[in-house]
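Student: My questions will all concern the structure given below.
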Amino acid sequence: MPENALPPIKLKRPHPVKQSQRLTKEMRAIGRTKLEELQWEIYFDEDVVRTGFLPPDTFLPEEVIKVVLDRFALINTMRQLEDTTAAYIYLRPHQSKLWDLIQQLAITFSELRAAKKKRKKTAVFDLEEDNLLDKEIAPAGVEGIAATTSSTTSTLYQSLIFDLNLIFFILTVKHIVNRIRLLCL
């Protein structure tokens, strides 16, 4: 490259999903957890003799999980899902399970969006009232209802993650015990 040459320009491709339709961090976390649970469910359901000792991500690879979460709003039919995952031969027999999960997640995400929208409308109204009360009555530094709402949501989210991790651990232990039983026969 000549000394006075400019570096090549890297063009960033636009995201295929509109900003308003993309998943939030909370939705992505829920979706990732559910997809990883499906990954293990598929793995546990597979015949040990047929699949050997393939890792769980052979059946639902990380790149499929990422693509499904990135393009979630664009996957509206089973055909679109099949097109997205066509290259993954171990996933083909399980696409109906993946499609069922995507439909369940779509319902969950729409409920989360509706709750957030409702909370946002309510929070604006409550904060306006709280600010008036804070100025008149409350001591300096009191934030009103906003701090309580976010800490409650955070606590519920942490509880949900703990429960999901516990379920995942129990399923893993059951699977290991079953594999040991099969090997001992």
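Student: Of the residues ARG50, ARG79, only one is of a type in the set (Lys, Arg), modelled with pLDDT of 90 or more, exposed (fewer than 15 other Cβ atoms within 10 Å of the Cβ) and outside any loop (DSSP other than H, G, I, E, B); which?
Tutor: Details: ARG50 fails: modelled with pLDDT of 90 or more.
Exactly one of ARG50, ARG79 is of a type in the set (Lys, Arg), modelled with pLDDT of 90 or more, exposed (fewer than 15 other Cβ atoms within 10 Å of the Cβ) and outside any loop (DSSP other than H, G, I, E, B), namely ARG79.
Student: Going through the range 53-64 one residue at a time, which ones are surrounded by fewer than 17 Cβ atoms within 10 Å (Cβ to Cβ), touching a residue at least 12 places away in the same chain (Cβ under 8 Å) and hydrophobic (A, V, I, L, M, F, W, C)?
Tutor: Of everything in the range 53-64, just one residue is surrounded by fewer than 17 Cβ atoms within 10 Å (Cβ to Cβ), touching a residue at least 12 places away in the same chain (Cβ under 8 Å) and hydrophobic (A, V, I, L, M, F, W, C), namely LEU54.
Student: Go through the range 82-113 residue by residue and tally those that are surrounded by 12 or more Cβ atoms within 10 Å (Cβ to Cβ), hydroxyl-bearing (Ser, Thr, Tyr) and assigned to a helix (DSSP H, G or I).
Tutor: 2
Per-residue answers, yes or no, for (1) under 24 Å from PHE162 (Cα atoms); (2) in contact (Cβ under 8 Å) with a residue 24 or more places away in the chain:
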{"position": "PRO7", "(1), (2)": "no, no"}
{"position": "VAL17", "(1), (2)": "no, yes"}
{"position": "ALA29", "(1), (2)": "yes, yes"}
{"position": "VAL48", "(1), (2)": "no, yes"}
{"position": "LYS66", "(1), (2)": "yes, no"}
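Student: Considering LEU38, LEU91, LEU98, LEU60, which residue is under 27 Å from LYS174 (Cα atoms) and in contact with a Lys or Arg (Cβ under 8 Å, 6 or more places away or on another chain)?
Tutor: Values: LEU91 fails: in contact with a Lys or Arg (Cβ under 8 Å, 6 or more places away or on another chain); LEU98 fails: in contact with a Lys or Arg (Cβ under 8 Å, 6 or more places away or on another chain); LEU60 fails: in contact with a Lys or Arg (Cβ under 8 Å, 6 or more places away or on another chain).
Only one candidate qualifies: LEU38.
Student: In addition: Would the range 23-42 turn up any residue that is in a helix (DSSP H, G or I), at pLDDT below 85 and among the β-branched types (Val, Ile, Thr)? It would help to see each step written out before you state the result.
Tutor: Let us first name the residues in the range 23-42 that are in a helix (DSSP H, G or I), namely 25-42.
Then drop every residue that is not at pLDDT below 85, which leaves none.
Within the range 23-42 (the criterion being in a helix (DSSP H, G or I), at pLDDT below 85 and among the β-branched types (Val, Ile, Thr)), the answer is no, since none of the residues qualifies.
The values are calculated or read from the model by the stated rules, or taken from the named source; none is laboratory data. Since this is a predicted model, take the numbers as computed values, not measurements. For neighbour counting, all protein chains shown are included, and Cβ atoms are generated from backbone atoms with ideal geometry for every residue, glycine included.
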